[in-house]
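Enquirer: The structure under discussion is supplied below as structure tokens; questions concerning it will follow.
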Amino acid sequence: MSITKKDVLHVADLARLALTEKEIDLYTAQLQRILSYVEKLSELNTEGVPPTTTTVPPETVYREDRVTVSLAQEEALRNAPSSERGCFKVPKIIE
Amino acid sequence: MDLTSLTIHGLSDKLKKKETTSVEVTKAFLKRMEEVEKKVHAFITVTADEALKRAAEADGRIAKGEGVTPLTGVPIAVKDIFCTKGVKTTCASRILDNFVPPYDSTVVRKLKEAGTVILGKNNMDEFAMGSSTENSAFSPTYNPWALDRVPGGSSGGSAASVAASECVASVGTDTGGSIRQPASCCGVVGIKPTYGRVSRFGMIAFASSLDQAGPFTKDVTDSAIMLNAIAGWDPSDSTSIKAEVPDYRTFLTAEVNGLKIGIPKEYFIEGMDKEVEDSVKEALEVLKKAGATLVPVTLPHTEYAVGVYYLVATAEASSNLARYDGVKYGLRVSETGGLLDMYKKTRDEGFGGEVKRRIMLGTYSLSAGYYDAYYKKASQVRTLIKNDFDAAFRSCDVIATPTAPTAAFKLGERVEDPLTMYLSDIFTISCNLAGIPGMSLPCGFTKDGLPIGLQILGRTLDEGTVLKTAYAYEQATEWHKRRPKL
């Protein structure tokens, strides 16, 4: 599998990263090398092998529906880069 | 008597006998930090005032004999990945440079409840991504045994702070070896418990199916004491295991007669460092003399572990790190180009090189058209790796291996070459993929005076037998008593 500059730009867009030209070139080369290494996995026949996504048996965890104290609005907003009237504030989305 | 050289159990005895006070010990550590911190740089934040306040409270409890635990008044440190209420928590990233959590992680809450005195927050690789602590956005940490060498990573600051006697013990996290490999590099004891044994609540996520917290200590007894304090089910972490937590100190019997130790041939490979190989083989002989039986076992999918890890861990990271968007907390760059522009610029500026590389790799392997070939394939091979351990543990009680293929390497040596850096974790990664517990403890030194680590892996939730084996080895040797000269 070869990875192109175009692939890197596409992935950077999905990952919401504004990479510089230098970073794009660097990652194209480095991701290529890492992906050729992981290509090794294709040596193995995994037909019918179930995937492991967690080592703890995945089950729905239930608890009693009890009201407890949650984070106060003021505290939840304290780390926000920008907030107004109890809300997180972001740059304009709709023109 | 140098108070900073004590173990938890040594210090706890002295505190109970009123031979010293927590305030006196805390001051001794703060002074020690002043002397060595500029050489080692094991901390991002030091909370001296808060520590002295808590030390005085601990002394009050000891005087009254009320609610005293083996950790009351003991000065420790925690990796800067654990949320600490009111104390800056950066994860060694510029994107969280100014983040002050409004709550404590469960690990920190439990350590506070046990009466510890938290001296500060340890340096680390940014978002725990790295094997050398060179990926910290603030400064590297230097190995106390040789200042031109790395302390390992990602919990390098936590390992180095114990080795340099800047705290009695510390807590780090291990996603692919981030406790065991730095413990090995710094000549201290480090244990990664079973996945789910310790709560991940409030521990900043890197790869959620692999991340697990565990202690760094000067000996195995201290490791059991720390584990007693932090282990256990937590309603705030749906992946924490609802199982009884034993008193881990009851396993410290040095009695290994009849214990079967599996030796996997895949971990003694050609090209590995001769001094590491010799020390580990010698350690196995020590355990044999103590009464254990060495059993050859095989873990045939070991060579695929690094590949699986770098697909699974990066996929999970790309998802976890999506939360850093310049909205809820942390850095925000550029207000003028609209929302999408703000996201992209904030993330490009806020994350360091390694973090971006892993987000890119993870996003790629999860993206349309590649998911089956990469993420799904890796998750299937993960099953094969887990099955290898299940099969091996049918013929042995624990597995012993080197922790890392080499002793600590030099700063700068591997930064330009991500793949070589990734291969530093070749012996530690499988343990996380299988979810089992693993420990590293000192088992010798290279001729240049660098520590070498012995790794002991156990069955799911069987930290007890891992500790028992480690304790038997420690009782028969003196390596854990050596300290670096700084």
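The values are calculated or read from the model by the stated rules, or taken from the named source; none is laboratory data. Keep in mind that this is a model prediction, so the values were computed, not measured. Here the Cβ positions follow ideal geometry from the backbone for every residue, glycine too, while neighbour counts run over all protein chains shown.
Enquirer: Which residue, of B:Asp417, B:Asp425, is within 18 Å of the chain's Cα centre (by Cα), modelled with pLDDT under 95 and not aliphatic (A, V, I, L, M)?
Expert: On the way: B:Asp417 fails: within 18 Å of the chain's Cα centre (by Cα).
Checking each option against the conditions leaves just B:Asp425.
Enquirer: Only residues that are in a helix (DSSP H, G or I) and either facing another protein chain (nearest Cβ under 7 Å) or surrounded by fewer than 23 Cβ atoms within 10 Å (Cβ to Cβ) (or both): list them for the stretch B:317-338, please.
Expert: B:Ser318, B:Ser319, B:Asn320, B:Ala322, B:Arg323
Enquirer: Scan the stretch B:115-154 residue by residue and report those that are surrounded by fewer than 24 Cβ atoms within 10 Å (Cβ to Cβ) and charged (D, E, K, R).
Expert: B:Glu134, B:Asp148, B:Arg149
Enquirer: Also, quick follow-up: Being closer than 20 Å to B:Phe251 by Cβ, buried (at least 24 other Cβ atoms within 10 Å of the Cβ) and either within 14 Å of chain A (Cβ to nearest Cβ) or among the hydrophobic types (A, V, I, L, M, F, W, C) (or both) narrows it down to one residue among B:Ile456, B:Ile452; which is it? Don't jump to the end; show me each part of the working.
Expert: Numbers: B:Ile452 fails: closer than 20 Å to B:Phe251 by Cβ.
One residue alone meets the criteria, B:Ile456.
Enquirer: Under 8 Å between Cβ atoms, which residue pairs at least 6 apart in sequence (or on different chains) link something in the stretch B:339-361 that is facing chain A (nearest Cβ under 8 Å) and closer than 18 Å to A:Lys89 by Cα with a partner that is surrounded by 22 or more Cβ atoms within 10 Å (Cβ to Cβ) and hydroxyl-bearing (Ser, Thr, Tyr)?
Expert: So the pair list comes out as B:Arg347/B:Tyr324.
Enquirer: Could you check how many residues of the stretch A:74-95 are surrounded by 10 or more Cβ atoms within 10 Å (Cβ to Cβ) and either at the interface with chain B (Cβ under 8 Å from one of its Cβ atoms) or in contact with a Cys (Cβ under 9 Å, 6 or more places away or on another chain) (or both)?
Expert: 11
Enquirer: Can you confirm whether the stretch B:284-305 contains a residue that is within 14 Å of chain A (Cβ to nearest Cβ) and within 26 Å of B:Glu126 (Cβ to Cβ)? Step through it out loud before you land on a result.
Expert: Keep residues of the stretch B:284-305 that are within 14 Å of chain A (Cβ to nearest Cβ), which gives B:300-305.
Keeping just the survivors that are within 26 Å of B:Glu126 (Cβ to Cβ) gives B:305.
The answer is yes; a qualifying residue exists.
Enquirer: Another question, if that's okay. Please state which of the following conditions A:Glu47 fails to meet, knowing it meets all the rest: (1) at the interface with chain B (Cβ under 7 Å from one of its Cβ atoms); (2) assigned to a loop (DSSP other than H, G, I, E, B); (3) under 21 Å from B:Ala368 (Cα atoms); (4) not hydroxyl-bearing (Ser, Thr, Tyr).
Expert: (1)
Enquirer: Which residue is surrounded by the most Cβ atoms within 10 Å (Cβ to Cβ), if the candidates are limited to the stretch B:244-268 and must be free of Cβ contacts under 8 Å to residues at least 40 places away in the same chain and of a type in the set (Asp, Glu)?
Expert: B:Glu266
Enquirer: Name the residues in the stretch B:31-66 that are in a helix (DSSP H, G or I), in contact (Cβ under 8 Å) with a residue 60 or more places away in the chain and surrounded by 19 or more Cβ atoms within 10 Å (Cβ to Cβ), would you?
Expert: Residues satisfying the conditions are B:Arg32, B:Met33, B:Val36, B:Val40, B:Ala51, B:Arg54, B:Ala55.
Enquirer: Those residues that are surrounded by 20 or more Cβ atoms within 10 Å (Cβ to Cβ) and outside any helix (DSSP H, G or I), I need them from the stretch B:295-316; list them, please.
Expert: Answer for the stretch B:295-316, where residues must be surrounded by 20 or more Cβ atoms within 10 Å (Cβ to Cβ) and outside any helix (DSSP H, G or I): B:Val297, B:Leu299, B:His301.
Enquirer: Can you find, within the stretch B:175-196, the residue that is surrounded by the most Cβ atoms within 10 Å (Cβ to Cβ) among those that are under 13 Å from B:Met439 (Cβ atoms) and within 14 Å of chain A (Cβ to nearest Cβ)?
Expert: If we take residues in the stretch B:175-196 being under 13 Å from B:Met439 (Cβ atoms) and within 14 Å of chain A (Cβ to nearest Cβ), then B:Lys192 is surrounded by the most Cβ atoms within 10 Å (Cβ to Cβ).
Enquirer: Now for a separate question. What about A:Thr20, is it more than 7 Å from chain B (Cβ to nearest Cβ), surrounded by fewer than 16 Cβ atoms within 10 Å (Cβ to Cβ) and either polar (S, T, N, Q) or touching a Leu at 6+ places or on another chain (Cβ under 7 Å) (or both)?
Expert: Yes, satisfied.
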